[in-house]
2 protein chains.
Amino acid sequence: MNEQSTQKIVAEVIKQLHYKSKQEVPIGVSARHCHLSKRDIERLFGKGYQLTKRSNLSQPGQFAANETITIVGLKGSIGGVRILGPERGATQVEISQTDTFKLGVKAPIRLSGNIQGSSPITIVGPKGSVYLDEGLIIAQAHIHMSEDDAYHLGLHNAEHVSVEIKNGVRPILFEKVRIRISPNYNLEMHIDTDEANAGAIHSGQKGKIIKAGNVQ
Amino acid sequence: MNEQSTQKIVAEVIKQLHYKSKQEVPIGVSARHCHLSKRDIERLFGKGYQLTKRSNLSQPGQFAANETITIVGLKGSIGGVRILGPERGATQVEISQTDTFKLGVKAPIRLSGNIQGSSPITIVGPKGSVYLDEGLIIAQAHIHMSEDDAYHLGLHNAEHVSVEIKNGVRPILFEKVRIRISPNYNLEMHIDTDEANAGAIHSGQKGKIIKAGNVQ
């Protein structure tokens, strides 16, 4: 084997090793939470109220607020629902399917932000309550990534992939995980508490991205 | 092609079609429930008490009782937990991982019946309460089948398979599903409510059995 061939092989091995390691994605488990519009913050917490930061989230600029609200359905209510800031254009409440049974509501499985025609819900704060005609969803599993991550993984925005998470007890594979690309995103997969419990998954565990079509 | 070859091919096609259809397994979603020993039935409901039948379950001889109990942990309690009959040698409580957070308890993921060294739990009935040293588990996903089903599927007792459940919204694959063979069993896969909610699965939906090793 001549030197040129050796160099070619080594380069290919390095590329493949890099790709293999990049297939791993850290998991973040999202508990029920909401995003509020400026108008709804004022209706729930009072005129001119501003959310206060409790802790930073993994995605740049996003934070968990100290403030929480109560959500109410026909069969029950759930208190202590964390508000995530900053404020958004439209109010959105993300719950698990387990929560829908407790509240006595239905909610579609949607990508965050896609709330048109989603379910109604009542939100209660210390200074008022809001009845949303739409805005209640169960979040579809998704992976945040930068354009650089997407390039190395050979993935495109809005594409679906499968992700396998193996932990010994309840190995599981989620088959319809949406890719979300933005220059600001850190690589992280977001699942809800039902998905986490079904796979005995904790935040910080790693999943393996499998391109659609590679699963029998 | 001679007649003998044609017959051989047709026989093979029929066999394969049969096998394909047999790979489908109906899903049953198990809500939290318990099985009680005769001794614990008497401690919870009174001396000589006998469970009364509410409805038959899919497995022959098994039934949901009219009676329910309350389970209590350090952080909370859950009432209305259905008792499944008939009585068993040892009391066993099966909950979801979601329930463990509400109760403030830990529970291992175990096959039903394998309770040695599992978690403690308090059970409360109308005539008394019982503190179990062990018996609290989260049930491992499993498939009940007859010996005939197992033969046609080429499966053995205690083997693990993967099962894919596709419903459009949250397609999912459970990778460690245990095969349980008994002459009396009807073909059915049992999952808990967390697994059902993670896959937007309802009882009666079908899953596809994939033999271990066939998934990349």
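The values are calculated or read from the model by the stated rules, or taken from the named source; none is laboratory data. Only a predicted model underlies this, so the values are computations on that prediction, with no experimental measurement involved. Positions of Cβ are backbone-derived with ideal geometry, glycine not excepted, and every protein chain shown enters the neighbour counts. Accessible surface areas use protein heavy atoms only, side chains included; no ligands, DNA or RNA. Shrake-Rupley method; radii C 1.70, N 1.55, O 1.52, S 1.80 Å.
Does anyone have the angle between helix A:3-22 and the longest principal axis of chain A? Alpha-carbon axes, 0 to 90°, nearest 10?
20 degrees
Counting only protein heavy atoms and using a 1.4 Å probe, what share of the accessible area of chain A belongs to carbon plus sulfur, as a whole percent?
Accessible surface attributable to carbon and sulfur in chain A totals 51 percent.
How much length would be gained if the chain were fully extended between A:Asn184 and A:Ser77, taking 0.36 nm per residue of separation minus their Cα-Cα distance, in nm to one decimal?
35.0 nm
Can you flag which of A:Lys38/A:Lys127; B:Lys53/B:Lys75; A:Lys166/B:Lys75; A:Lys47/A:Lys75; A:Lys166/A:Lys211; A:Lys166/B:Lys106 are past 22 Å Cα-Cα?
Checking Cα-Cα distances, B:Lys53/B:Lys75; A:Lys166/B:Lys75; A:Lys47/A:Lys75 exceed 22 Å.
What per residue convex hull volume, in Å³, comes out for the stretch A:100-216 when only alpha-carbon positions are used?
Roughly 156 Å³ of hull volume per residue.
Could you work out, for chain A, what percent of all Cα-Cα pairs fall into each 5 Å distance bin, beginning at 0 Å and stopping at the bin that holds the largest distance?
Cα pair-distance distribution for chain A, in percent: 1, 7, 13, 16, 17, 15, 11, 7, 5, 3, 2, 1, 1, 1, 0, 0.
Calculated from DSSP H runs of 4 or more alone, at -39500 (n - 2.57) each and per residue, what is the 222 nm mean residue ellipticity of chain A, nearest 500? Don't skip to the answer; put the middle values down first.
On the way: 5 runs with 48 residues, N = 216.
Rounded to the nearest 500, it is -6500 deg cm²/dmol.
Which percent, to the nearest 5, of DSSP beta bridges fully inside chain A are antiparallel?
Values: 36 of 51 bridges.
Of the beta bridges lying entirely in chain A, close to 70 percent run antiparallel.
With a 10 Å cut-off between alpha carbons and a GNM built on chain B, which of B:Pro26, B:Pro171, B:Pro108 moves the most?
Among B:Pro26, B:Pro171, B:Pro108, the largest GNM mean-square fluctuation belongs to B:Pro171.
Picking from A:Thr52, A:Pro108, A:Gly135, whose Cα lies most toward the positive end of the charge dipole for the stretch A:31-139 (charges on Cβ: Lys, Arg +1; Asp, Glu -1)?
A:Thr52
Could you state the accessible area per residue of the stretch B:132-199 in Å², with a 1.4 Å probe and every protein chain left in place?
35 Å²
State to the nearest 20 debye the size of the charge dipole of the protein assembly as shown about its Cα centre, where the only charges are +1 on K and R beta carbons and -1 on D and E beta carbons.
800 debye
Which whole number gives the average count of other chain Cβ atoms within 10 Å of the Cβ atoms across peptide B:100-112?
Per residue, the number of nearby Cβ atoms from other chains is 1 on average.
Hey, rough spin-label estimate for B:Gln4 and A:Ser58, points 7 angstrom out along Cα→Cβ, what's it come to in nanometres?
Output for this residue pair reads 6.4 nm.
After finding the eigenvalues of the alpha carbon gyration tensor for the protein assembly as shown, what semi-axes result from the square roots of 5 times each, listed largest first in whole Å?
Whole-Å semi-axes of the equivalent ellipsoid: 38, 36, 20.
Could you check how many percent of all C-alpha pairs in the stretch B:31-139 are farther apart than 22 Å?
Counting every Cα pair in the stretch B:31-139, those more than 22 Å apart make up 24 percent.
Taking springs between alpha-carbon atoms closer than 10 angstrom, which of A:Val130, A:Val29, A:Val163 fluctuates most in the Gaussian network model of chain A?
A:Val130
Place a point 7 Å from the Cα of B:Ala158 along the Cα-to-Cβ direction; which residues of the stretch A:161-187 have their backbone N under 19 Å from it?
A:169, by backbone N distance to the label point.
For a quick check, take a GNM of chain B with Cα springs below 10 Å and name the residue from B:Asp149, B:Asp133, B:Asp194 with the largest mean-square fluctuation.
Highest fluctuation among the options: B:Asp133.
Efficiency by 1/(1 + (r/R0)^6): what FRET value for A:Thr68 and A:Glu24, r their Cβ-Cβ distance, R0 = 41 Å, to the nearest 0.05?
Efficiency for this residue pair is about 0.80.
Taking 0.36 nm per intervening residue step and subtracting the Cα-Cα distance, what contour gain separates A:Arg39 from A:Asn114 on full extension?
Difference between extended and current length: 25.1 nm.
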